[in-house]
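The values are calculated or read from the model by the stated rules, or taken from the named source; none is laboratory data. Please read these numbers as outputs of a predicted model, since none were measured by experiment. Every residue, glycine among them, receives a Cβ derived from its backbone with ideal geometry; neighbour counts consider all protein chains shown.
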Amino acid sequence: MVGAGLAGLYASSLLQALGFGVRVVEARKRVGGRLRTLGEAPLHSEAGGNLIGPNYGRIIATAERLGVALQPPPRGLPLDYLIQGRTVLRDDWPTSPDNPLPEALHQVRPEQLSAALLKPSPLVTSYDWCSPELAATDVSVLDFLRRNDVPESAIALLESNLSYGDSLSTTSLLSMFRVQQGISRAMAFRRPVLEVRGGNQRLPEAMAASLNTPVELDKQVIGLHTRGDRVSAELKDGTVLDAEAVVITLPAPALRNVHFSPGLPEDQWQAIENVRYQKVTQAHYRLDAPTWKSAGRSGGWWTDGALGRIFVRPVNDGGPYLVTVWITGSACADTDALDDEAAAAFIDQRLRRLMPDAADGLQPMGLVRWQREPLNGGAWAIWQPGQTGAVFRALHRPQDRIFFAGEHTAYAHSGMEGAMESAERACLELARRFA
Amino acid sequence: MSASRTVILTLAWLLVSNPCAVRADTPLDGETLFRLACQACHALGPETPHRIGPPLTNIADKPAGTATDYPYSAALKQSGLVWNRPTLVAWITGAERLVPGTLMAHHNTLQAPEALRLAEYLTRSAPRP
Ligand SMILES: Cc1cc2nc3c(=O)[nH]c(=O)nc-3n(C[C@H](O)[C@H](O)[C@H](O)COP(=O)(O)OP(=O)(O)OC[C@H]3O[C@@H](n4cnc5c(N)ncnc54)[C@H](O)[C@@H]3O)c2cc1C
């Protein structure tokens, strides 16, 4: 098993339950991959996977089986807006002269704009988004908006804080319909979203502890070589491991650094090279008092500038609070060229300017830039127009004794539950040949 | 209801499009298929707690949507389906097309003979994974 994120850990437990001997190698010095909790509970902050949908059957059952407690997270504070340098308080949005939207859309908040404009969706099943027929007619979100005569002011606002693309012109419309459908499917369960008590990373830690053999940390696979009826995994430290079969759960950017021999088929390698990953930069802070109240602010912010969105959530009623600056997509370019210290200073300076009353109280907890970590190369797979058909499918086509899993290979779910779903599929493919 | 017609259509489609997809390797038994494709969301034992989906204990000949205290979708409750081998195969291979609006978000990964084997396993008396 290559990778000890959710997909690798879940696949390992499934294969062990079927009687396979499994060795798990993980390049990092910790398990969990894109689940990463900063700080010590209860003052901890999620830098990776955040919310567990009430429809995440595999995650919820796994937590239950391992005695890992799930709970609804405290409600985040509402957002005010900073648009082209001007503040619009939440309640003023519909009537503010600084609301740049045309009259008909004045009531729609920036964070709701995408759902309001991107419809009707052609998706019926949870996996229609990757149907080759629909993918063949897919367009970019920008093309769709232009065709529907959406005013440029609305388009400009939509370009900010993209979570599923770098720009509207490179974002698949189908992939956005998938996101919307995922939200409504979760809501259909009429139960609250969840998080792991003590931090989401506790779940992969418990999963790793439940395996028959410990996860081997700090072991990076750099090559997979298939010869006859064996696969050998070449590690960066020079060791070679020998296996009957391999499940590899790396995100596409990390797969690019693995040498396959024989090489993967051209279309599969192209898919691995071409699929892009969401840029997410986060700066985490702790704040002891609700300093924004005296200034009449709501606490959180949605900006069209360098700081992206700022999410504030209470740890307890009345404080302390966790503040996360969440910058996505092209806005990450401001800091991507800087080293960690300079990037943190860049964000810090602007945050203190935006929240002057909090300036003395903000205590930095860490900076995370997922796109700069070669072991994942971004937060999650994002899809360009047309990629959700053949490209998506090529990504996880088994090659002889090598099977592919991970969030980017899931059909019916995304994020954490997608990682788990993909593990079941890969294990089935493997079991068919080797059980 | 139109559900039974869809079942027939789905089965016909499966036979046409997936004639002998399973390789010459040892076929996986119903229990293994259940473990790999359903167990996370469904209990199947003597004690029948709800997971995210309802328990599938003794499902044969039961009308859909009738496990006690499970908050089914209106779509499944009103589907008129009764669980037997053909309806289960149709459900396993395309639940969301068979009953649009169902809460079971499920992309089938089983090949036609596997779906049938799983349906046989589920309709056998008291299977226990
Ligand atoms: C900022 C952020 C917010 C998110 N929010 C949510 C959310 O709210 N809800 C949700 O459902 N999902 C969310 N996600 C997504 C979710 O966290 C991921 O989909 C999921 O954790 C991915 O699991 P995985 O096993 O597929 O991949 P990973 O967790 O990336 O696991 C792959 C593992 O492989 C290891 N690896 C890489 N290269 C090698 C190598 N060469 N050799 C050995 N090991 C290697 C990595 O270190 C890693 O541990 C979020 C992700 C991020 C980054």
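A few remarks follow.
- Residue under evaluation A:Leu367, criteria (1) within 16 Å of the ligand (Cβ to nearest atom); (2) of a type outside the set (Gly, Ala, Ser); (3) more than 18 Å from the chain's Cα centre (by Cα); (4) outside any helix (DSSP H, G or I), criterion not met: (3)
- Breaking point among (1) within 11 Å of the ligand (Cβ to nearest atom); (2) away from chain B (no Cβ under 13 Å); (3) buried (at least 18 other Cβ atoms within 10 Å of the Cβ), for A:Ala11: (2)
- Complete set of residues in segment A:362-388 that are surrounded by fewer than 20 Cβ atoms within 10 Å (Cβ to Cβ) and more than 30 Å from A:Ile347 (Cβ to Cβ): A:Gly386
- Among the numbered conditions (1) under 25 Å from the mean Cα position of the chain (by Cα); (2) free of Cβ contacts under 8 Å to residues at least 24 places away in the same chain, the only one that A:Pro73 does not meet is (2).
- Residues of segment B:99-116 that are touching a residue at least 24 places away in the same chain (Cβ under 8 Å), of a type outside the set (S, T, N, Q) and under 23 Å from A:Arg58 (Cα atoms): B:Val99, B:Pro100, B:Gly101, B:Leu103, B:Met104, B:Leu110, B:Glu114, B:Ala115.
Each row is one residue, and each column tells you yes or no for (1) exposed (fewer than 15 other Cβ atoms within 10 Å of the Cβ); (2) within 21 Å of the chain's Cα centre (by Cα).
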{"position": "A:Glu111", "(1), (2)": "yes, yes"}
{"position": "A:Pro120", "(1), (2)": "yes, no"}
{"position": "A:Val124", "(1), (2)": "yes, no"}
{"position": "A:Ser140", "(1), (2)": "no, yes"}
{"position": "A:Phe144", "(1), (2)": "no, no"}
{"position": "A:Glu152", "(1), (2)": "yes, no"}
{"position": "A:Leu194", "(1), (2)": "no, yes"}
{"position": "A:Met207", "(1), (2)": "no, yes"}
{"position": "A:Leu217", "(1), (2)": "no, no"}
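- Taking (1) near the ligand (Cβ under 9 Å from one of its atoms); (2) under 27 Å from A:Leu241 (Cα atoms); (3) away from chain B (no Cβ under 14 Å) in turn, A:Arg23 satisfies each apart from (1).
- Of the residues making up segment A:340-376, those that are within 30 Å of A:Thr249 (Cβ to Cβ) and either free of Cβ contacts under 8 Å to residues at least 60 places away in the same chain or assigned by TED's automatic domain parsing to the domain that holds A:Ser45 (or both) are A:Asp340, A:Arg372, A:Glu373.
- Unique residue being more than 14 Å from every other protein chain (Cβ to nearest Cβ) and within 15 Å of the ligand (Cβ to nearest atom) when the list is A:Gly386, A:Gly361, A:Gly319, A:Gly329: A:Gly329
- Residues in segment B:99-109 that are closer than 20 Å to B:Tyr70 by Cα and more than 8 Å from chain A (Cβ to nearest Cβ): 4 in all.
- Residue list for segment A:346-361, filter: of a type in the set (A, V, I, L, M, F, W, C) and loosely packed, with under 14 Cβ neighbours inside 10 Å: A:Ala359
- Residue selected from segment A:302-316 under the condition among the β-branched types (Val, Ile, Thr) and more than 16 Å from the ligand (Cβ to nearest atom), by the criterion surrounded by the most Cβ atoms within 10 Å (Cβ to Cβ): A:Thr303
- Residues in segment A:402-414 that are within 13 Å of chain B (Cβ to nearest Cβ) and not β-branched (Val, Ile, Thr): A:Phe403, A:Ala405, A:Ala410, A:Tyr411, A:Ala412, A:His413, A:Ser414.
- Contacts under 6 angstrom Cβ, first residue in segment A:423-435 being within 7 Å of chain B (Cβ to nearest Cβ), partner part of a helix (DSSP H, G or I), 6 or more apart: A:Glu424/B:Leu36; A:Cys427/A:Ala11; A:Cys427/A:Leu14; A:Cys427/A:Leu15; A:Cys427/B:Leu36; A:Leu428/B:Leu36
One line per residue, one yes/no per condition, for (1) charged (D, E, K, R); (2) modelled with pLDDT of 95 or more; (3) touching a Gly at 6+ places or on another chain (Cβ under 6 Å):
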{"site": "A:Asp334", "(1), (2), (3)": "yes, no, no"}
{"site": "A:Asp339", "(1), (2), (3)": "yes, yes, no"}
{"site": "A:Arg350", "(1), (2), (3)": "yes, yes, no"}
{"site": "A:Pro356", "(1), (2), (3)": "no, no, no"}
{"site": "A:Ala359", "(1), (2), (3)": "no, no, no"}
{"site": "A:Gln371", "(1), (2), (3)": "no, yes, yes"}
{"site": "A:Pro374", "(1), (2), (3)": "no, yes, no"}
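- Count - residues of segment B:72-98 that are within 14 Å of chain A (Cβ to nearest Cβ), in a loop (DSSP other than H, G, I, E, B) and under 24 Å from B:Pro46 (Cα atoms): 1
- Condition check for A:Arg58: within 19 Å of the chain's Cα centre (by Cα) and touching a residue at least 24 places away in the same chain (Cβ under 8 Å): yes
- The residues of segment A:46-72 that are part of a loop (DSSP other than H, G, I, E, B) and exposed (fewer than 15 other Cβ atoms within 10 Å of the Cβ), listed by number, are A:Gly67, A:Ala69, A:Pro72.
- Residues located in segment A:55-89, provided they are within 15 Å of the ligand (Cβ to nearest atom) and closer than 20 Å to A:Thr281 by Cβ: A:Gly76
- Test: residue in segment A:35-54 that is within 14 Å of chain B (Cβ to nearest Cβ) and within 11 Å of the ligand (Cβ to nearest atom): yes
- Hits in segment A:308-330 - residues which are free of Cβ contacts under 8 Å to residues at least 60 places away in the same chain and touching a helix residue (DSSP H, G or I) at 6+ places or on another chain (Cβ under 6 Å): A:Val325
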